[in-house]
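First comes the structure, then the notes that go with it.
Bear in mind these aren't lab numbers, they're just calculated from the coordinates by the rules spelled out. Computed from a prediction, not measured in an experiment: that's the story for all the values here. With ideal geometry, Cβ positions are generated from the backbone for all residues, glycine too; neighbour counts draw on all protein chains shown.
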Amino acid sequence: MAAISDIDKTKLPNHVAIIMDGNGRWAKQHGKERIFGHQNGVASVREVTEAAAEIGINYLTLYAFSTENWNRPKDEVDALMGLLVSTIHKEVPTLNKNQIRLNAIGNLKSLPENCYNELMDAISQTSKNTRLTLVLALSYSSKWEIIDAVKQIAEKVKKNEISINDIDEKIFESTLCTSGIPDPELLIRTSGEQRISNFLLWQIAYSELYFTEKFWPDFHKEDFFDAILDFQNRERRFGKTSEQIKVEN
Ligand code: IPE
Ligand code: IPE
Ligand code: MG
């Protein structure tokens with residue numbers, strides 16, 4: 001188990017993204033309903049956000065609800081939205097105390113109105129904080145985001161604001177909902193599943209992937225530090241050779 005002192009502060013990822021998975025299975029393991037798992041997952045969100053701020057990570061993106069999650073039983077979706085509203089509301093003072101700025105990506109307009117309003121309030125109330133940006137992915141799917149970006153670019157071409165030859169990575173990135181947020185260097189997924197589930201497909205082109213068997217409610221600060229430590233022991237080559245990388249460093 002890693003401790004904060006094991007981490008090299010000079011080699012931190014700037015942005016960590018997490019697919020918080022396994023709440024339902026965790027609840028089942030405890031003989032409870034799935035929502036009990038979601039409720040306990042909130043404590044891990046708090047712990048990991050604190051841990052990220054403590055070591056000096058600048059961006060933390062948490063996959064909280066996917067476009068596909070709308071297809072879950074209505075009871076569960078309603079409970080998740082309720083939990084989201086109450087958690088966001090409760091956490092604003094702590095976010096401000098810890099200098100954490102809240103942000104969100106996804107098809108936010110598709111959220112229930114009270115949820116959307118609560119979220120916008122929290123985003124504006126924390127907008128001056130400068131320590132860590134916490135990005136919640138809500139009603140998010142990467143394919144939706146990419147199609148939406150393509151539509152925006154097509155519209156610009158149609159209006160002669162840009163020409164087809166102007167379209168490059170920079171323009172494309174600026175139309176994604178993550179515009180202005182650097183790509184994550186590290187992507188963590190809990191619960192033993194080894195898949196991406198429609199999360200940040202463009203942005204993780206060169207991210208390091210870290211999978212752990214732990215269910216999300218069992219994922220604590222030390223587990224987060226373990227993932228950071230693992231990341232720090234990897235050699236990121238970006239297509240080059242190991243020898244080239246060693247010379248550069
Ligand atoms: C992740 O846990 C939380 C959400 C997707 C909202 P799950 O609810 O997917 O839990 P499992 O994967 O069924 O155990
Ligand atoms: C991914 O988890 C979405 C979130 C963590 C919010 P899921 O549990 O929905 O993923 P799949 O469908 O099992 O891949
Ligand atoms: Mg799941």
In a Gaussian network model over the chain where Cα atoms closer than 10 Å are linked, find which of Arg46, Arg237, Arg34 has the largest mean-square fluctuation.
-> Arg237
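Once you list every other residue whose beta carbon is under 14 Å from the beta carbon of Ala149, what net charge do they have if Lys and Arg are +1 and Asp and Glu are -1?
Values: positive: Lys143, Lys151, Lys156, Lys170; negative: Glu145, Asp148, Glu155, Asp168, Glu169, Glu173.
That works out to -2.
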Express in % the proportion of alpha carbon pairs of region 105-233 at distances exceeding 27 Å.
-> 34
Working from the pairwise distances between different alpha carbons, so that the mean of 1/r is found and then inverted, what is region 1-151's Kirkwood radius in Å?
-> 16.4
Can you pull the Kirkwood radius for region 1-52, inverse mean 1/r over Cα pairs, to one decimal in Å?
-> 13.0
Using a 10 angstrom cutoff on alpha carbons, build the Gaussian network for the chain and name the most mobile of Asn165, Asn23, Asn69.
-> Asn165
Multiply the residue gap between Lys143 and His30 by 0.36 nm, knock off their C-alpha separation, and tell me the result in nm, one decimal place.
-> 37.2 nm
Give, as a single signed number, the net charge of other residues whose beta carbon lies under 15 Å from the beta carbon of Ala27, with Lys and Arg counted +1 and Asp and Glu -1.
-> +1
Low-density loop positions, GluC sites (Glu not before Pro), region 212-249 - DSSP coil, at most 16 other Cβ in 10 Å = Glu213, Glu235
Go through Lys28/Lys74; Lys143/Lys170; Lys32/Lys74; Lys11/Lys214; Lys32/Lys109; Lys143/Lys240 and tell me which ones have a Cα-Cα distance over 22 Å in this structure.
-> Lys11/Lys214; Lys32/Lys109; Lys143/Lys240
